[in-house]
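Notes for the one structure printed next.
The values are calculated or read from the model by the stated rules, or taken from the named source; none is laboratory data. Treat the numbers as computed from the prediction; the structure is a model and nothing was measured. Note that each Cβ is placed from the backbone with ideal geometry, even for glycine, and that neighbours are counted across all protein chains shown. Ligands, DNA and RNA are stripped out before the accessible areas are found, and what is left, the full protein with its side chains, is counted by its heavy atoms. Shrake-Rupley method; radii C 1.70, N 1.55, O 1.52, S 1.80 Å.
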Amino acid sequence: MVDAGGAPHAGYLAGRCSFAEHHRRRLRSFLPRLGEPVPDSPGLLDAWIAERYLTVFEESWRCYPDVRPCLETLKRLPRGPRLAVLTNGDPEQQRAKLAPFGLLEYFEAVLTPTELGAAKPVAYAAACRRMRTDPAQAVNVGDMLESDVNAAALAGPTGIWLDRGIDFVTGGPSPTAQETVLRIERLTDLPDHLSGQGSPGQGR
């Protein structure tokens, strides 16, 4: 699904609608582009989403092969970092993504706008408060340069860019980062990187 001008997505992130209504707004914008009629009622919209979108979406979920090795190495560190997932998504859906791959057990919390009352970038400070950690001791690792790395750095945590060779916003090549940006190409590079920075902090 795509956003039409970003407006439906912005409404959810600003707390002006629920995650379900966010999906309905996306569908109302998207169906005319397919030449399909737009159902009148929320129930019919929800049924379309469940039957024609969510099933295919969930079947497409994959886990990068470097994820579990990274988490296992972090867990074995003498002073391993505390871990949380910070996402602008829906909490139920985000946990559902992690559970099939056995990843939930590695994280203390899955933090979303529902729990924090705010989306990124405001959520960075809120997440640090929820985890009871100093933002200066926190690290945010993400694959989106602006929202995961640059925005995190402005809020206090150190941003580390996981550059997988693609811009996940445009689908094109990776954007160009400033030389000061901390960058890794594989999650398995993260434990050594953190160890090289000295004692890891307790809010990651």
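A P(r) calculated from all alpha carbon pairs of the range 31-102, with 5 Å bins opening at zero, reads 3, 11, 15, 18, 15, 12, 8, 6, 5, 4, 2, 1 percent.
A full extension of the chain between Cys17 and Arg164 corresponds to an added length of 49.7 nm, given 0.36 nm per residue minus the alpha carbon distance. Close amide H pairs (under 5 Å, H built 1.01 Å from N) link Ala109 with Val85, residues at least 5 positions away or on another chain.
Note on Arg129/Glu58: beta-carbon distance plugged into 1/(1 + (r/R0)^6) with R0 of 25 Å gives a FRET efficiency of 0.20.
In a fully extended conformation the segment linking Arg33 and Ala136 would gain 32.5 nm over its present Cα-Cα distance, using 0.36 nm per residue.
Which value in nm describes the separation of the simple spin-label points at Thr188 and Leu77, placed 7 Å from the Cα toward the beta carbon? If labels sit at Thr188 and Leu77, their model points lie 1.8 nm apart.
Taking amide H positions as modeled 1.01 Å from N, with prolines and chain starts lacking one, the residues under 5 Å from Asn140 and 5 or more places away or on another chain are Thr158, Gly159, Ile160.
List the GluC sites (Glu not before Pro) within the range 27-122 that fall in a DSSP loop (any state other than H, G, I, E or B) and whose Cβ has at most 13 other Cβ atoms within 10 Å. List each step's numbers first, then the result.
Numbers: sites: Glu51, Glu58, Glu59, Glu72, Glu92, Glu105, Glu108, Glu115; in loops: Glu108.
Here the GluC sites (Glu not before Pro) that fit, given the DSSP loop and packing criteria, are Glu108.
With θ taken as phi - 60° and the Karplus curve 6.51 cos²θ - 1.76 cosθ + 1.60 applied, the whole-hertz 3J(HN,Hα) list for the range 137-148 is 9, 9, 10, 10, 10, x, 9, 10, 4, 6, 7, 9 Hz, x standing for glycine and proline. What residue among Val110, Val56, Val139 has the largest mean-square fluctuation in a Gaussian network model of the chain, using Cα springs under 10 Å? Judging by the Gaussian network model, the answer is Val56. Spherically averaged projected area of the convex hull of Cα atoms, the chain: 12.1 nm². Could you tally the net charge around Glu185, taking each other residue with its Cβ under 10 Å from the Cβ of Glu185, Lys/Arg +1 and Asp/Glu -1? Every neighbour counted, the sum reads 0. For Arg186, Arg164, Arg132, the ranking by accessible surface with the largest value first comes to Arg132, Arg186, Arg164, using a 1.4 Å probe. Among the protein heavy atoms, those of Phe107 account for about 50 Å² of accessible surface (1.4 Å probe, every chain in place).
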